[in-house]
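Worksheet for the structure shown next.
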Amino acid sequence: MQGIVLKSTGSWYKVRTENGDFLDCRLKGKLKLSKTGVTNPVAVGDKVELELEEGQPGKGLIFNILERENYIIRKSVHKNNQAHILAANVDQLVIIASLTFPRTSLGFIDRLLVSAESYGVPARVVFNKVDLLSDEEMEYVDVLAEMYTSIGYPSYVVSAFNKLHIDEFSKLLSGKISLLSGHSGVGKSTLVNAIAPHLQLSTQEISNYANKGKHTTTYAEMFQLNENTFIIDTPGIKELGLIEMEEDNISRYFPEMRAISSQCKFHNCSHRHEPGCAVLAALDAGQLPITRYESYLSMVDGDDNRR
Ligand SMILES: Nc1nc2c(ncn2[C@@H]2O[C@H](COP(=O)(O)OP(=O)(O)O)[C@@H](O)[C@H]2O)c(=O)[nH]1
Ligand SMILES: [Mg+2]
Ligand SMILES: [Zn+2]
């Protein structure tokens with residue numbers, strides 16, 4: 001029997017079987033020993049083969065993991081070469097952002113987009129909570145959405161509160177497995193509830209997020225919106241890791257820079273000071289978004305924690 005892993009809490013896995021049943025599963029002995037360098041052998045989104053556990057109704061044993069189409073690693077807190085797979089077999093990364101309450105910086109969005117590029121996973125940007133914006137801020141968010149759309153990341157301007165463009169958001173997710181990412185409090189759960197009320201994901205007042213001292217361990221979890229639409233919620237997970245890359249390759253993960261960097265005079269151009277740099281020329285000509293270039297510089301400088 002096959003199934004898909006909806007949730008993992010380390011030793012137990014919640015699996016939805018192909019018959020639509022939900023089973024609490026453990027790993028069958030020898031599976032545990034494979035895959036070194038990864039802290040979790042089975043991740044949310046993994047397609048697995050399993051069998052029922054004898055005499056244990058509702059319980060199963062996972063004995064095989066089907067090959068992953070892709071996987072996304074959680075940014076490691078410790079640099080100990082231990083990777084934690086956050087999710088596998090993801091169709092798209094959907095970044096939820098809000099300009100206010102809380103403010104999402106463009107640098108933060110761009111780092112998530114670079115992660116998505118490094119995994120080869122398509123990414124989309126959703127600006128939520130626009131009911132809170134002034135007319136002027138609304139114009140700005142429209143400009144941002146157009147900018148991201150023009151460089152290959154279709155973007156949406158929505159409000160879960162006003163139900164603005166919620167149908168578009170629903171269409172964006174339809175038929176896919178989407179990893180939702182973004183700061184706590186931007187409205188990820190509220191947006192999903194707006195299009196799939198049956199899920200009743202718990203939402204939280206912003207004020208409660210101020211309590212940063214608490215160390216709650218959170219896990220990614222997959223939810224089914226309808227027959228073939230799933231989202232993976234990542235509460236408490238701020239940043240995604242990258243597939244190993246060398247720093248001087250970061251511009252490869254900026255599609256608008258990648259497109260013109262072959263015209264730079266030097267093939268190993270850092271796009272910072274070199275003569276004959278096509279990227280700098282395009283910036284001067286106003287053909288590249290300056291905020292994206294700033295994010296690039298901040299990533300090259302390893303200024304990871306800047307927001
Ligand atoms: N004004 C406004 N508030 C929203 C909107 N969407 C969500 N919220 C509120 O923002 C808070 C955090 O939402 P939640 O869905 O828990 O955020 P999550 O941490 O990203 O899942 C809750 O109080 C929501 O009611 C929106 O479009 N407009
Ligand atoms: Mg939430
Ligand atoms: Zn260059």
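The values are calculated or read from the model by the stated rules, or taken from the named source; none is laboratory data. In this text, all values refer to a predicted model and were calculated from it rather than measured experimentally. Cβ: placed from backbone, ideal geometry, glycine included. Neighbour counts: every protein chain shown. When the accessible area is computed, the model is the full protein with side chains, heavy atoms only, and any ligands, DNA or RNA have been set aside. Shrake-Rupley method; radii C 1.70, N 1.55, O 1.52, S 1.80 Å.
Classify the stretch 126-205 as rounded, prolate or oblate, taking a ≥ b ≥ c as the square roots of the eigenvalues of its Cα gyration tensor: rounded when a/c is under 1.5, otherwise prolate if a/b is larger than b/c and oblate if not.
Working: a/c = 1.90, a/b = 1.30, b/c = 1.46.
Cα axes put the stretch 126-205 in the oblate bin.
By DSSP, the beta bridges lying fully in the chain are antiparallel in about 60 percent of cases.
Quick one: net charge around Asp131, please, counting Lys, Arg +1 and Asp, Glu -1 for every other residue with C-beta under 13 Å from its C-beta. Display every interim value, and only then the final one.
Working: positive: Lys129, Lys163; negative: Asp135, Glu137.
Cβ neighbours under 13 Å give a net charge of 0.
The local environment of Leu280, defined by Cβ-Cβ distances under 12 Å, has a net charge of 0 under the rule Lys, Arg +1 and Asp, Glu -1.
Peptide packing for 162-170, 265-273 was compared via the average number of neighbouring C-beta atoms within 10 Å per residue; ordered from the highest value, the list is 162-170, 265-273. Between Phe108, Phe161, Phe127, the residue with the greatest mean-square fluctuation in the GNM of the chain (Cα pairs under 10 Å linked by springs) is Phe161. When a 1.4 Å probe is rolled over the protein heavy atoms, the share of accessible surface on the stretch 149-189 that falls to carbon and sulfur comes to 51 percent.
What's the angle, to the nearest 10 degrees (0 to 90), between helix 135-150's Cα axis and the longest principal axis of the chain? Result, in degrees: 80.
Most fluctuating residue of Leu280, Leu179, Leu242 in a GNM of the chain with Cα springs under 10 Å: which is it? Its mean-square fluctuation being the largest, the pick is Leu280. Taking the chain, the Cys residues with no second Cys beta-carbon under 4.7 angstrom are Cys25, Cys277. Relative to the dominant Cα principal axis of the chain, helix 290-300 is inclined by about 60°. Of the residues Arg258, Arg74, Arg16, the one that moves most in a GNM of the chain with alpha-carbon contacts below 10 Å is Arg258.
Counting charges near Arg292 (Lys, Arg +1; Asp, Glu -1) among other residues having Cβ under 9 Å from its Cβ returns a value of -3.
Quick one: of Lys7/Lys28; Lys14/Lys171; Lys7/Lys129, which pairs are farther than 20 Å apart, Cα to Cα?
On the way: Lys7/Lys28 17 Å; Lys14/Lys171 27 Å; Lys7/Lys129 28 Å.
Going by Cα-Cα distance, Lys14/Lys171; Lys7/Lys129 fall outside the 20 Å limit.
Per residue, the chain exposes 52 Å² of solvent-accessible protein surface, assessed with a 1.4 angstrom probe and all protein chains in place.
Give me the Kirkwood hydrodynamic radius of the stretch 1-160 in Å, from all C-alpha pairs, to one decimal place?
On the way: mean 1/r = 0.0554 Å⁻¹.
Roughly 18.0 Å, rounded to one decimal.
Inter-part distance, the stretch 1-26 to the stretch 259-297, computed on C-alpha centroids, equals 47 Å. Measuring spread by the Cα atoms of the chain yields a radius of gyration and Dmax of 20.8, 72 Å. Within the full protein context, the accessible area of Thr291 is estimated at about 40 Å² for a probe radius of 1.4 Å.
Solvent exposure of Lys176, expressed as accessible area, is near 80 Å², computed with a probe of 1.4 Å over the protein chains only.
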